[in-house]
Amino acid sequence: MHWKSHIIIGALGWIITALIFSQALEACTSAVISRSASVEQVPILWKNRDTDDLSNKVIYVQERPYCYLGIANATESSGRQVYAGLNSAGFGIMNTVASNLPKKSGEKEDLEGIIMADALRTCKTIADFEDYIAANLGPALGSLANFGVLDAAGQAYLFEVHNHGYEKLNVAEADGQYLINTNFARSGEPGQGEGYLRYERACQLFKAFEPGQIDFKTILTSHTRDLGHAILEQPSLMNARNRPASRDLWIFTRDCINRPSTASAVVIVGKNQSNPNAVATLWVIPGEPVTTIAVPLWVESGSSPEPLWDGEQAPMWNESLRIKRMIRPHSAGNQNDYLNLIRLDNVDGTGFLPILLKTEASIITETLDFLNQSHSADEYAAFQNKMAERALATLRTIQ
């Protein structure tokens, strides 16, 4: 049976499970996009990170041979565990757990954060990453994951990795020249794993792109925040915009792409091969995407802006978590699976999402203008700091 048939069968099982059980699962939604599939003619990585660690940081790690920026838990300061990142060679990486890959009792597991930090520190190319994985296969590797990678040569691949083997998929050879991933591997046990509803929803979103017209801005501003459901007909933001602020409008979001366990999102835009001065950009959304604002970062800056790393809890994550409580005010049991759309938008104009999107739009516009020219390390640092401070100031206005 074709793997897509198993996805449909598996999805039915997970639909039933999702409707019966309400515990949150660690999960992520991602995509690996070839340069030929994108408007900008660059490879793109996307990841919505779902985790119990809702407070994250972006840390800059001075390493050899390569420095890197990475998403880490707020308690992690060494940079030895990161969950997506970009290095000074233009190599980018992210992952999703793939729980249907082979697993042996007693072996190491859940070490993907260490694997990605190692890769960012040591890999320049996708071939380097494959060599790293092949050299470290064994019970101590600790992997059960899909890894999306891109490099400065414009390549993008997906690796499905367990302790004793891996599959390497060239996304340029996939339908549409991209691959969407949640929490199962195509090479894993058919019909097993998790995230089938989010997979189906992401597929629906990507089918709206014309061939060769995938736009990182749409992924960054819209897909990361998607509140649609693959099988349930729920109210949308458009419904909320026509409703007064006094009338709550609740939706169930555990199987949405933007969900209660989404701690951050990243969109990594690779180097443009036609421009010798081009740099790769790490766009970071610090918090549940509907509660915060995207900020651009560059390894060339040699730093991470203070709003994304300073203190026990980075200021932008602190603000996004505060705003999160406005749309998910109930925490007893599993009530935080429900989101009040009216706080995001309403006919009275008191919703906060349009305010966040307005600031984000200005940041994106100015960033694209900024990238039209080459810059020094100080200029990259000053610009990303300015954008992060602007985003933080906007978040602090939301009451």
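What follows draws every value from the coordinates through simple rules; no lab data is involved. From a predicted model like this one, the values you see are computed outputs, not experimental measurements. Glycine gets a Cβ as well: all are built from the backbone with ideal geometry, and neighbour counts include every protein chain shown.
Odds and ends about this structure:
- For the chain, built as a Gaussian network whose Cα springs stay under 10 Å, the top-fluctuating residue of Lys386, Lys207, Lys168: Lys207
- A Förster distance of 25 Å, applied to the separation of the beta-carbon atoms of Gln62 and His164, puts the FRET efficiency at 0.15.
- Counting every other Cβ atom within 10 Å of each residue's Cβ, Met316, Met238 order from fewest to most as Met238, Met316.
- For the stretch 43-103, fraction of C-alpha pairs farther apart than 20 Å, in %: 31 percent
- The phi torsions of the stretch 52-57, fed into the Karplus equation with coefficients 6.51, -1.76 and 1.60 and a -60° offset, translate into couplings of 6, 8, 6, 9, 10, 9 Hz, rounded to whole numbers, with Gly and Pro shown as x.
- Annotation: the residues Arg35, Arg80, sorted from fewest to most other C-beta atoms within 10 Å of their own C-beta, follow the order Arg80, Arg35.
- Three semi-axes of the equivalent ellipsoid, the stretch 143-221, Cα gyration tensor, whole Å, largest first: 22, 17, 11
- Counting other Cβ atoms within 10 Å as a rough exposure proxy, the listed residues Cys123, Cys203, Cys28 run Cys203, Cys123, Cys28 from fewest neighbours to most.
- Cα-derived Rg over Rh, computed across the stretch 30-156 with Rh taken as Kirkwood radius: 0.96
- √(5λ) per eigenvalue of the Cα gyration tensor, the stretch 3-397, largest first, Å: 29, 27, 20
- Cα gyration tensor, the stretch 280-399 - rounded (a/c under 1.5), prolate or oblate: prolate
- Mean residue ellipticity (222 nm) of the chain, computed from DSSP H runs ≥ 4 via -39,500 (n - 2.57), nearest 500: -9000 deg cm²/dmol
- Separation of the stretch 132-211 from the stretch 29-95 is 15 Å, based on Cα centroids.
- Convex hull volume of the Cα atoms of the stretch 203-351, normalised per residue: 138 Å³.
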